[in-house]
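Step one of this worksheet: look at the structure below.
All of the numbers you see were taken from the coordinates with simple rules; none came from a lab. Quick caveat, the model's predicted, so the values are computed rather than measured. Don't worry about glycine lacking a Cβ; one is built from the backbone with ideal geometry, like all the others, and counts go over all protein chains shown.
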Amino acid sequence: MQSLTPLEDPADYGLEIKKSPIHGYGVFATKDFAINEVICPFTYDEDQVFTINEYRAKYGKSNLYTYRDMRHNKMVYVGEKRNIISYTNENADDPNVKLLRWKLISLKEIKKGEELFLKYWYKNEYNKTLLPVCPYCQQIIKKKNN
């Protein structure tokens, strides 16, 4: 497992990162969370922020481990310095958290010991589909579309 940014410790938010039965590592609750509770911030260092053109020039067209803020023409790349949220696995059919305004928020009650799941694919305010951050999930979606 890659190290997290020095900005955060999962335990500070009632979370832990450990092996997931779904895929690789996942984020698990070490306490209960209520519906619509802010769980943790999306943290990053300034050297992880690029304009879209800067990101494309450095890393090409891959969107792995990126989060995009189209409104501000910003991409945050967390592939080399992972944050807590980058370990969250996907369950598109039944996500229990969402990423909103750079915060992870619970969509339903989450009990201690449960794994947190995001929906990676969604439409943004410009009605554009955003790509998943997980390479495993990108492979699954490519297979579904072929």
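Amide H of residue 114 versus every other amide H placed in the peptide plane: which residues, excluding those fewer than 5 positions away on the same chain, fall under 5 Å?
Excluding prolines and chain starts, which carry no amide H, the hits are 29.
What list do you get for 23, 72 if you sort them by fewest beta carbons within 10 Å?
Listing 23, 72 from fewest to most nearby Cβ atoms yields 72, 23.
Sort 27, 76 so the one with the fewest other Cβ atoms within 10 Å of its own Cβ comes first.
Least to most surrounded, the residues fall as 76, 27.
In nm, to one decimal, how far is the residue 93 label point from the residue 57 one, both placed 7 Å along Cα→Cβ?
Each label point is offset 7 Å from its Cα along the Cβ direction, giving 4.5 nm.
Mind giving me the FRET efficiency for residue 105 and residue 11? R0 is 22 Å, r the Cβ-Cβ distance, nearest 0.05 is fine.
Given R0 = 22 Å and the Cβ-Cβ separation, E is 0.70.
For the range 90-102, what does the Karplus curve 6.51 cos²θ - 1.76 cosθ + 1.60, with θ = phi - 60°, yield as ³J(HN,Hα) per residue in whole Hz, taken in order and with x for Gly and Pro?
Computed from phi, the couplings for the range 90-102 are 9, 9, 4, 7, 8, x, 10, 9, 9, 9, 9, 6, 6 Hz.
From the backbone phi of the range 9-19, what are the Karplus-calculated ³J(HN,Hα) couplings (6.51 cos²θ - 1.76 cosθ + 1.60, θ = phi - 60°) in whole Hz, Gly and Pro given as x?
Couplings: 10, x, 4, 5, 10, x, 10, 9, 10, 8, 4 Hz.
Under 5 Å between amide H atoms, partner at least 5 residues away or on a different chain: which partners does residue 40 have, H built in plane at 1.01 Å?
104
If neighbour count is taken as other Cβ atoms inside 10 Å, put 30, 43 in order from fewest to most.
Fewest to most other Cβ atoms nearby, the residues stand as 30, 43.
Would you mind computing, in nm to one decimal, how far apart the modelled labels at residue 73 and residue 19 are, each placed 7 Å from Cα along Cα→Cβ?
4.6 nm
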